[in-house]
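Have a look at the structure below, then the notes.
Taken together, the values in this text are just the output of simple stated rules run on the coordinates, not laboratory data. Owing to the predicted nature of the structure, the values given are computational and were not obtained by experimental measurement. Neighbour counts are summed over all protein chains in view; Cβ atoms, including those assigned to glycine, are modelled from backbone coordinates with ideal geometry.
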């Protein structure tokens, strides 16, 4: 039974790109597929360097915000389920404190960078 499930799983993994017509035929086809995807998502694919870097920074800040939210939810869960255990509550408070400090540092670094680069333009 194990061999049957393993064979079916392997077959599914190997044939999934073919069944989904997602196998590119070369670098040109891959680039065209990416441009088509960008156009269908209404993303400008002919951007200059500032647009590309700005998009990257925006994605990184979004990731930092997501990590902050996950840490806050985790620490809140720890704190609420501590049930009087002082070491667990202290650990949760430490996570919350460090998450807030990290977020303040990242936002401050972004603000300073935006201010300084704004003075050069």
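Pop a pseudo-label 7 angstrom from the Cα along the beta-carbon direction at both residue 12 and residue 86 and give the gap in nm to one decimal.
Calculated label separation equals 5.2 nm.
Between residue 39 and residue 110, what FRET efficiency follows from the Cβ-Cβ distance if R0 is 22 Å, with the result rounded to 0.05?
0.15
For the pair residue 64/residue 93, report the inter-label distance in nm, with labels modelled 7 Å from Cα in the Cβ direction.
So the two model labels end up 2.7 nm from each other.
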